[in-house]
Amino acid sequence: MNIFSFAKTELKNLFSTPATRAYPLEPRNYPERTRGHVVIDINTCVLCGMCSRKCPADAIKVDRAAGTWSIERFGCVQCGNCVVSCPKKCLSMGQAYTEPDAQKRTDTFTKPADQMKPPVAPAAKPAAAAAAKPQKPAESAAPAAEEKKNA
Amino acid sequence: MSTRSVVPFGPQHPVLPEPIHLDLVLEDEKVVEAVPSIGFIHRGLESLVGKKDFNDYTYIAERICGICSFMHGMSYCEAVEHIMNIEIPERAKYLRTIWCELSRLHSHLLWLGLLADGFGFESLFMQSWRLRENILDMVEASTGGRLISSVNKIGGQLKDVPNDMIRGFVAKLKDMEKDIREMTDTFLNDYTVNSRLRGVGILTKQQALDLGAVGPFMRASGIALDTRKRGYAAYSNIELEPITSDIGDCYARTYVRIQEIFQSIDIIRQAAEKIPDGEVAVPVKGFPSGEYFMRVEQPRGEAIYYVKANGTKFLDRFRVRTPTFANLPGMLETLKGCQLADVPMMILTIDPCISCTER
């Protein structure tokens, strides 16, 4: 039994900087890959709802009629499945974690009105009329997919 | 004639990281019987397999446990891959091996800290968790999550790790090895620690066999079995020998886990040398049909996964036999005849993970 067995550790602790960080004052540098929160580029989103169907925590809601994409920030488990499954690659993972809050929070993103697809045949397909499409590329592809689904 | 009394132990107790309840039947200070009850944190994760697409269930399988999260996800994926006859790329296999061993490293360092905390050695607990933080940084840098990795998918891995990052991990682990050895020497040689661990809670080799103990708890009783030798992931290309001890007491279990830390560092080094370049995932088409038993060596011991698929996107059944569940009978056996003050040591040295056990 050696009473000086911790002398080395003690000396090291006396002359070294703390192993911990004064957190709120000294912000954390996240690694590049950290999955902190889901970020959406609502202008690219076509409101297809794939992220909502793939979400294991059912935290994402997509309302095609209202043109909104919403996420329960504290329901999201940051698995990244929505990012992987997004066909338009408009979702990505941000690094910082959602900050603590006294209440659960839902963030809603609304697609700009000018990007919503104008009604084509209101009587026949009300759902398709409300569906939002980006102006350029998917204009022709998306209605085709819509028809296939209905058929 | 001493009187018998029953002392309830848990589900909330300072030494218990997770809830398990024991009714300890005492004669004076001596435990004569322990009656366990579990079921405080059942979440019904197994039944979700019928409600989620089998690809998306990977993320739920990962959440069975916070510590062996990666291994749960990986084992589920490997089981489904076996059913669907998918051969994943070699690089993905090696990545799985590296992440498995990083999980084992941080799990064992966590456990060492909890053990030190259990016998009241606060500074050793902090030293242990300080070292663990470096491993968590590596896991976060490579997967994006500190504990829940979310990099598994059926058919390979979602993310690749650059070769220089893997080499960086090996270099950092080599530096850490000295610090870890300094810290673990205290566990193995310190007078106070020895007096709490030596000769306490002996499980003989025969008892370990009869009661179906697994993992370090079993290997500390002298049984040289390690599921990694079966060669899942890339373990068939890795040299490793099960670490055993013949004593079977709390000290032996600590010794086995400490040696496994250094073994894990060696496995990561071997895997980093052998990892080939190439793809990390293959495309998966169709739905699984059939059943498979997958066995993996988790930090706490052997876990068994049963997957039954019916040719649709929803699986029929997913069942997990976790190592803690297998170790509970052995733990109850060691509790018989021990002193009340030693009960925390006995419970901690099986490294209980109740969240896994109850799912």
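Each reported figure results from applying straightforward, stated rules to the coordinates on display, with no laboratory input. Treat the numbers as computed from the prediction; the structure is a model and nothing was measured. Note that we place each Cβ from the backbone using ideal geometry, even for glycine, and neighbour counts take in every protein chain shown.
Neighbouring Cβ atoms from other chains, within 10 Å of the Cβ of residues in B:148-159, number 2 on average. Full extension of the segment from B:Val7 to B:Glu87, taken as 0.36 nm per residue of separation minus the current Cα-Cα distance, would add 23.5 nm.
Under a 5 Å amide H cut-off, with hydrogens placed 1.01 Å from N, A:Phe74 pairs with A:Arg105 among residues at least 5 apart or on other chains. Each Lys or Arg adds one and each Asp or Glu subtracts one; over the other residues with Cβ under 14 Å from the Cβ of B:Ala252, this totals +2. Taking the centroid of alpha carbons for each part, the stretch A:25-76 and the stretch B:2-16 are 46 Å apart.
Excluding B:Lys159 itself, calculate the net charge of residues whose Cβ lies under 10 Å from the Cβ of B:Lys159, where each Lys or Arg counts +1 and each Asp or Glu counts -1. Before the final figure, lay out each step's value.
Details: positive: A:Arg33, B:Lys153; negative: B:Asp160.
It works out to a net charge of +1.
For A:Gly94, the residues whose amide H sits under 5 Å from its own are A:Gly36, A:His37, A:Val38, A:Val39, ignoring neighbours fewer than 5 places away on the same chain, with H placed 1.01 Å from N. Across chain B, the volume of the C-alpha convex hull divided among the residues equals 124 Å³ per residue. GNM remark for chain B: springs join alpha carbons under 10 Å apart, and the peak mean-square fluctuation among B:Cys250, B:Cys100, B:Cys338 falls on B:Cys338.
Residues whose amide H comes within less than 5 Å of that of B:Gln298, counting only those at least five positions distant or on another chain, are B:Ala303 (H built at 1.01 Å from N in the peptide plane). Compute a Gaussian network model of chain B, connecting alpha carbons closer than 10 Å, and tell me which residue from B:Gln206, B:Gln270, B:Gln157 fluctuates the most. Evaluated over chain B, the most mobile residue of the options is B:Gln206. 3J(HN,Hα) along the stretch B:219-234: 5, 5, 9, x, 9, 8, 10, 9, 5, 4, 5, 6, x, 6, 6, 10 Hz, from the Karplus curve 6.51 cos²θ - 1.76 cosθ + 1.60 with θ = phi - 60°, whole Hz, x for Gly and Pro.
Please arrange B:Thr244, B:Thr254 by counting, for each residue, the other beta carbons lying within 10 Å of its beta carbon, fewest first. Provide the component values of the computation, followed by the final result.
Details: B:Thr244 20, B:Thr254 27.
Arranged by neighbour count, lowest to highest, B:Thr244, B:Thr254 become B:Thr244, B:Thr254.
Sequence-ordered 3J(HN,Hα) estimates for the stretch B:125-138 from the Karplus curve with 6.51, -1.76 and 1.60 and θ = phi - 60° stand at 4, 5, 4, 5, 6, 5, 5, 4, 4, 5, 5, 4, 4, 5 Hz, glycine and proline given as x.
If neighbour count is taken as other Cβ atoms inside 10 Å, put B:Met165, B:Met331 in order from fewest to most. Each step should come with its number before you reach the end.
Working: B:Met165 13, B:Met331 24.
In increasing order of surrounding Cβ atoms, one gets B:Met165, B:Met331.
Our helix-only sum for chain B, with -39,500 (n - 2.57) per DSSP H run of n ≥ 4 divided by its residues, gives a mean residue ellipticity at 222 nm of -15000 deg cm²/dmol. Are any of the pairs A:Lys88/B:Lys52; B:Lys174/B:Lys274; A:Lys111/B:Lys285; A:Lys54/B:Lys274 more than 28 Å apart by Cα-Cα distance, and if so, which? Check vs 28 Å cut-off fails for A:Lys111/B:Lys285; A:Lys54/B:Lys274. Comparing mean-square fluctuations of B:Gly44, B:Gly222, B:Gly145 from a GNM of chain B with C-alpha springs under 10 Å, the top value falls on B:Gly44.
Counting beta carbons within 10 Å around each of B:Asp249, A:Asp41, B:Asp190 and listing the fewest first gives the order A:Asp41, B:Asp190, B:Asp249.
Taking Cα atoms only, the orientation of helix B:69-83 departs from the longest principal axis of chain B by about 50 degrees. Couplings for the stretch B:97-104, taken from phi via the Karplus curve 6.51 cos²θ - 1.76 cosθ + 1.60 with θ = phi - 60°, read 4, 5, 5, 4, 6, 5, 4, 5 Hz in order; Gly and Pro are left as x. The stretch B:277-313 and the stretch B:56-106 have Cα centres lying 8 Å from one another.
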